[in-house]
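**Student:** Take a look at the following structure, please.
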Amino acid sequence: MSEIRHNWTKEEILAIYNKPLMELLYEAATVHRLHHDPNTVQVSTLLSIKTGGCPEDCGYCPQAARYHTDIEGNDLMSVQQVKAQALRAKSSGSSRVCMGAAWRNVKDGPEFDNVLEMVRTINKLDMEVCCTLGMVTENQAKRLAEAGLYAYNHNLDTSEDYYKDVISTRAFEDRLDTIANVRKTNVTVCSGGIIGMGEALEDRAGMLVALATLDPQPESTPINALVAVPGTPMEEIEPVSIWDMIRMVATTRIVMPQTQVRLSAGRTDMSREGQAMCFFAGANSIFAGDKLLTTPNPDVNEDMKMFELLGLTPMKPFVKKAQPETVEAKDSNLQPLGEKPKWTRPGHTIERNEEARLTRSK
Ligand code: SAM
Ligand code: DTB
Ligand code: SF4
C-alpha cells in the first residue's frame, strides 16, 4: 500500500497533473492496483427526490430557481416511489442509491422525516444509501446516520479561490463545515467537484489540495465534467476535453489512493475508449441510470455492454464498510432541534449569474 498523505501542496499536485501522459497513467494505475481491485467498479443510481426551485445561485446548476432552464420541477417524492425506484436500480446492478434534493440546507420537519424514512427503506433493501441535500447540522447528520445512511455527498466543486466566481450565496467554508458535521458520525463522506467551468489548472489542483488534506480523506470523490445547460450562466462554455478528464482522474487517484474516484457527470459526451482510459487511470465508480439528476446519462444497457467489453464487474454493496444499522423513528433518541446550519453571506454578486437571472433563455 502506498502511504496516505494529508500535506499535499498545489505545486506538487500541478506537477503530477502536468506529467507526460504515459508517466501519469502508469503512476495512477500503479497506485490504483495497490489499493483496489482494478476490475471492480461501484455503481450508484441517482434519484432526484426533489427537483428544481433551489434558492442558491450555483452558476453551473439547472436547478437554481433564478435561472431559466427547461427542467421539470417536482416536490418531494413519496417513500413508496423511492422504494420502487431503488428496487429497479438494484435489479439493474446498482449497489447504491444517491438521493438528491435541490435544497440549500436541510430543514427539520415532515419533509426531512420523510427523507429519513426513505433512508431506512433503502437500507433495508440491502443497498448503500447516499443523500445530497445541501448543508446539514451535526444533529441532522446524526439523525441521517441513525436511519442507516451510508454516505453523504457534498462537493467542494472547485478551489476556494474560484468558488467566489461560481457561487455567491454561500462560501467555501460552509461546504467544509457540512463535511465536518458528517464526519462527526459514521456516515462516509462523498466529496469532489466539477471541471470545465472556466477554471484554471491551478484551481483543479487547489480543489484537490482541499480534498486530499482532509483527514480522513473522503471515501468517495466524484469528478464531474460540467454539463452546460441552456439558461444557466455557464450555458456557453465549451465541453472539457477527455484528456483533461483523464488527467484529473489520474491525479485524484494518486493523491487520494483509497477514495472511490467517481466518473460522474459528462459521460454522455465520452467515448468508451475515453471512459476506459479513465478506469485505467483509477476511476472505480460511476453514476448509472438514464438520468443524472435532471440531465441525460448513458443508457444502463450501454453501460453494461461497456463493462462486459472491458471485463469490469459491478461492486457488491458494503464491501468497503459494513452495512449501518437502521434505528426506527419510534426508537430514536435524537430530537429535531429546529436549528439551521450556520452559513456565511459572502455579500458579493457574480455578473454572469446576474445576467442569467435577468435574461430569458434564447
Ligand atoms: N443541493 C445540494 C448541493 O448543492 O449540495 C445537492 C444537489 S447538487 C445538484 C449536487 C452536485 O451536483 C453539485 O455540487 C455539483 O457538483 C453537481 N452538479 C450540479 N449541476 C451540475 C452540472 N451542470 N454539471 C456537472 N455537475 C453538476
Ligand atoms: C455529483 O458529484 N454529481 C451528481 C451527484 N453528485 C449528485 C450530480 C450531477 C448533476 C448533473 C446535472 C444534473 O443532472 O442536474
Ligand atoms: Fe441548489 Fe445544489 Fe443546484 Fe446549488 S447545486 S443550485 S445548492 S441544487
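**Student:** So which residues in the stretch 189-210 are within 13 Å of the chain's Cα centre (by Cα) and closer than 16 Å to Leu263 by Cβ? Reasoning before the result, please.
**Tutor:** Let us first name the residues in the stretch 189-210 that are within 13 Å of the chain's Cα centre (by Cα), namely 189-195.
Selection gives Cys190, Ser191, Gly192, Gly193, Ile194, Ile195.
**Student:** Right, next: Out of the residues in the stretch 207-223 meeting the condition of being free of Cβ contacts under 8 Å to residues at least 60 places away in the same chain and within 20 Å of Gly59 (Cβ to Cβ), tell me which one is farthest from ligand 2 (Cβ to nearest atom).
**Tutor:** Ala210
**Student:** Given Leu176, Leu149, Leu116, Leu156, which one is in contact with a Leu (Cβ under 8 Å, 6 or more places away or on another chain), more than 26 Å from Gly59 (Cα to Cα) and in contact (Cβ under 8 Å) with a residue 12 or more places away in the chain? Step through it out loud before you land on a result.
**Tutor:** Numbers: Leu176 fails: more than 26 Å from Gly59 (Cα to Cα); Leu149 fails: in contact with a Leu (Cβ under 8 Å, 6 or more places away or on another chain); Leu156 fails: more than 26 Å from Gly59 (Cα to Cα).
It is Leu116.
**Student:** Which residues, taken from the stretch 10-40, are in contact with a helix residue (DSSP H, G or I) (Cβ under 7 Å, 6 or more places away or on another chain) and not in a helix (DSSP H, G or I)? Break it down into steps so the answer makes sense when it comes.
**Tutor:** In the first step, residues of the stretch 10-40 are kept if they are in contact with a helix residue (DSSP H, G or I) (Cβ under 7 Å, 6 or more places away or on another chain); the result is 10, 13-14, 16-17, 24-25, 27-29, 31-32, 38.
Within the stretch 10-40, just Pro38 meets the criteria.
**Student:** Sticking with this structure for a sec: What about Gly198, is it in a loop (DSSP other than H, G, I, E, B) and among the small types (Gly, Ala, Ser)?
**Tutor:** yes
**Student:** Go through the stretch 102-193 and tell me which strands (runs of 3 or more DSSP E), entirely inside it, have 2 or more residues that are farther than 19 Å from Pro216 by Cα and in contact with a strand residue (DSSP E or B) (Cβ under 9 Å, 6 or more places away or on another chain). Full working, then the answer.
**Tutor:** Details: elements: 128-132, 151-153, 188-190.
It comes to 128-132.
**Student:** Filter the stretch 69-84 for residues that are more than 30 Å from Gln335 (Cβ to Cβ) and either within 21 Å of the chain's Cα centre (by Cα) or crowded, with 17+ Cβ neighbours inside 10 Å (or both); which is farthest from ligand 1 (Cβ to nearest atom)? Can you show your working first?
**Tutor:** To start, the set of residues in the stretch 69-84 that are more than 30 Å from Gln335 (Cβ to Cβ) comprises 69-73, 84.
When the remaining residues are screened for being either within 21 Å of the chain's Cα centre (by Cα) or crowded, with 17+ Cβ neighbours inside 10 Å (or both), the result is 69, 71, 73.
Details: Thr69: 10, Ile71: 11, Gly73: 13 Å.
Ranking the candidates gives Gly73 first.
**Student:** Within the set of pairs 6 or more residues apart or between chains, which connect a residue that is farther than 12 Å from Ala228 by Cβ and among the β-branched types (Val, Ile, Thr) inside the stretch 59-77 to a residue that is within 11 Å of ligand 3 (Cβ to nearest atom) and not in a loop (DSSP other than H, G, I, E, B) with Cβ atoms less than 8 Å apart?
**Tutor:** Ile71/Thr51
**Student:** Tally up the residues in the stretch 40-81 that are away from ligand 2 (no atom under 15 Å from the Cβ), more than 26 Å from Val119 (Cα to Cα) and of a type in the set (A, V, I, L, M), please.
**Tutor:** Count: 0.
**Student:** Quick one: in the stretch 162-188, which of the residues that are among the hydroxyl-bearing types (Ser, Thr, Tyr) and within 16 Å of ligand 2 (Cβ to nearest atom) is farthest from Glu199 (Cα to Cα)?
**Tutor:** Looking only at the stretch 162-188, we keep the residues that are among the hydroxyl-bearing types (Ser, Thr, Tyr), and these are 162-163, 168-169, 178, 185, 188.
This time we only want the ones that are within 16 Å of ligand 2 (Cβ to nearest atom), so: 163, 178, 188.
Values: Tyr163: 10, Thr178: 24, Thr188: 28 Å.
Taking the candidates together, the pick is Thr188.
**Student:** Here is a further query. Please specify each residue of the stretch 289-302 satisfying the condition of being in contact with a strand residue (DSSP E or B) (Cβ under 9 Å, 6 or more places away or on another chain) and either exposed (fewer than 13 other Cβ atoms within 10 Å of the Cβ) or touching a residue at least 24 places away in the same chain (Cβ under 8 Å) (or both). Step through it out loud before you land on a result.
**Tutor:** Taking the stretch 289-302 first, the residues in contact with a strand residue (DSSP E or B) (Cβ under 9 Å, 6 or more places away or on another chain) are 289-294, 297-298, 300.
Gly289, Lys291, Leu292, Leu293, Thr294, Asn297, Pro298, Val300 - these are the residues of the stretch 289-302 that are in contact with a strand residue (DSSP E or B) (Cβ under 9 Å, 6 or more places away or on another chain) and either exposed (fewer than 13 other Cβ atoms within 10 Å of the Cβ) or touching a residue at least 24 places away in the same chain (Cβ under 8 Å) (or both).
**Student:** Pick from the stretch 134-163 the residues that are among the charged types (D, E, K, R) and more than 11 Å from ligand 1 (Cβ to nearest atom): which of them is farthest from Pro336 (Cα to Cα)? Steps first, answer last, please.
**Tutor:** Of all residues in the stretch 134-163, those among the charged types (D, E, K, R) come to 138, 142-143, 146, 157, 160-161.
This time we only want the ones that are more than 11 Å from ligand 1 (Cβ to nearest atom), so: 138, 142-143, 146, 160-161.
Working: Glu138: 11, Lys142: 10, Arg143: 8, Glu146: 13, Glu160: 32, Asp161: 35 Å.
Among those that are among the charged types (D, E, K, R) and more than 11 Å from ligand 1 (Cβ to nearest atom), it is Asp161.
**Student:** Given the condition of a type in the set (A, V, I, L, M, F, W, C), farther than 30 Å from Ala147 by Cα and outside any loop (DSSP other than H, G, I, E, B), answer yes or no: does some residue in the stretch 347-356 qualify?
**Tutor:** Within the stretch 347-356, the subset of a type in the set (A, V, I, L, M, F, W, C) is 350, 356.
In the following step, the residues that additionally are farther than 30 Å from Ala147 by Cα were identified as 350, 356.
So of that shortlist, the ones also outside any loop (DSSP other than H, G, I, E, B) come out as 356.
Yes, the conditions are met somewhere in the stretch 347-356.
Every number in this text was worked out from the coordinates using simple rules, so none of it is lab data. The structure displayed is predicted, hence computed values, not measured ones. Counting neighbours? That spans all protein chains shown, and the Cβs are built from the backbone with ideal geometry, glycine included.
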